[in-house]
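Student: Quick one: the structure is below, questions incoming.
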Amino acid sequence: MTLLLGGCDSLRSSYSVCRDGTCRVVVSKPGETIEVKNHRLTVIKYHSDGLFIQVDGSPTVILPDQSTTRVGAITITVISIEDVGDVIFDVT
């Protein structure tokens with residue numbers, strides 16, 4: 001199995017892996033910004049109540065765990081949020 005990494009760049013300790021038009025993003029600490037599919041995502045904070053995120057400088061959006069939400073030109077699906085640890089979400 002080969003994973004394609006095109007279209008996703010990471011900054012700091014965040015990373016993303018892209019395959020078939022979907023990027024799986026892992027963020028290890030709040031405040032990180034990562035560029036995914038030519039969009040700048042800033043994870044403001046996260047805890048069991050949800051993921052607080054900005055897309056391309058937009059107002060902060062709160063996404064509950066296990067939810068799928070359209071934010072601007074992308075769709076974000078929250079896979080997992082841990083109070084202490086990583087937040088994992090998909091971007092399509």
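Every read-out reported here was derived from the displayed coordinates using simple, explicitly stated rules and does not represent laboratory data. What you see is a predicted model; the values in this text were computed from it and never measured. Here Cβ is always computed from backbone atoms with ideal geometry, including for glycine, and neighbour counts include all displayed protein chains.
Student: Net charge near Val84: determine it from the other residues with C-beta under 15 Å of the C-beta of Val84, scoring Lys and Arg +1 and Asp and Glu -1.
Tutor: Taking every Cβ under 15 Å from that of Val84, the sum is -3.
Student: With only alpha-carbon atoms counted, please give the Rg and Dmax of the range 34-80, in Å.
Tutor: 9.9, 28
Student: While we're looking at this one, here's another question. Just to be sure I understand the model, the point goes 7 Å from the Cα along the line to the Cβ. What's the resulting Arg70 to Arg40 distance in nm?
Tutor: 2.5 nm
Student: Test of understanding: in a Gaussian network model of the chain with alpha carbons linked when under 10 Å, which of Ile53, Ile34, Ile44 would top the mean-square fluctuation ranking?
Tutor: Of the options given, Ile44 has the highest mean-square fluctuation.
Student: Here's something else I'd like to know. Find how much the distance from Val17 to Ser58 grows on full extension, using 0.36 nm per residue of separation minus their present alpha carbon separation; answer in nm with one decimal.
Tutor: This chain segment gains 12.4 nm when fully extended.
Student: Net charge near Asp49: determine it from the other residues with C-beta under 11 Å of the C-beta of Asp49, scoring Lys and Arg +1 and Asp and Glu -1.
Tutor: Neighbour charge sum, excluding Asp49 itself: -1.
Student: Could I ask something else about it? Find how much the distance from Val84 to Ser48 grows on full extension, using 0.36 nm per residue of separation minus their present alpha carbon separation; answer in nm with one decimal.
Tutor: Extra length from Val84 to Ser48 when fully extended: 12.0 nm.
Student: Write down, largest first, the equivalent ellipsoid semi-axes of the chain in whole Å, where each equals the square root of 5 times an eigenvalue of the alpha-carbon gyration tensor.
Tutor: Semi-axes, largest first: 19, 14, 13 Å.
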